[in-house]
1. Mind checking which residues of region 62-92 are surrounded by 10 or more Cβ atoms within 10 Å (Cβ to Cβ), charged (D, E, K, R) and over 14 Å from the mean Cα position of the chain (by Cα)?
2. Taking region 139-161, which residues are modelled with pLDDT of 75 or more and over 55 Å from the mean Cα position of the chain (by Cα)?
3. Taking the stated definitions as given, is E41 among the acidic types (D, E) and either more than 27 Å from the chain's Cα centre (by Cα) or not in a helix (DSSP H, G or I) (or both)?
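The values are calculated or read from the model by the stated rules, or taken from the named source; none is laboratory data. The shown structure was predicted, so the numbers you read here are calculated from the model rather than taken from an experiment. As a convention, Cβ positions derive from the backbone with ideal geometry for all residues, glycine included, and neighbour counts pool all protein chains shown.
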Amino acid sequence: MEPEDITLDGELGGSQLNPSNPEGAAPAIEAQAPETLTLQELEQQLGKKFPDKATALKSLKDTYSYVGKRKEDIAAELSQNNTGVANEIKEIKDNLFFDKNPQFEPYRKVIAKLGSNPQEVIQSEDFKAIFEKAAGFDETQKLKSVLTSNPRIAQTKDTLTKAREAKTSDERDSLLAQAVLGTVE
C-alpha cells in the first residue's frame, strides 16, 4: 500500500479561522431570561398530580436516572433489595417465635428444615410426633443423670465395704488405701 499524499490547499495560519468580514459571522447570542414552567404546565405535560413543584422536579430526576436502564436490570435491582428486607423480616419473626416458645429452641434447626413458618411446623402432626419423643428422651436423660451415680464412687463404696469385712489388718489397710486412691483419681 502506498502512503497517501495529503496536501493542504490554502494558506496555513490563523487567517482561515477568522472570518473575513465580521458581518458574515453568526450573530452573538443575547442573554435571554430563562423560561420557567408552572406546576400546572408540569402536571399537564407529565400527566400526574404533584403537591408542589419540588416533588414534580424530583419525579423528573428519578425518571431521568432510570433512562437507559433495561427493565430487567431495574427489576433485578428491586428484587435484590426486596429479598434482603424479606430475609431480615423472616429472621425477626423467627426470633420472636422462639422467644415466646423457649421449649422449641433446642429444635430450631429441625423446625427450619421442616418448613419456613415455625408456627405451622409445630402444629403439623409430623413435628408433634418427633417433638414428643425428643422431649421425653431429654426428660429421661435429666432424670437419669440425677439417679445414676459416678462409677468411681460406687467402686469406692464396694472397697470400703470389703475393708470392713476384712479379717486381717493388712488386708483392711490395703483395701482402705485402694478406696482412697480410687477417689483421688
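1. K69, D73, E77
2. T161
3. So E41 passes the test.
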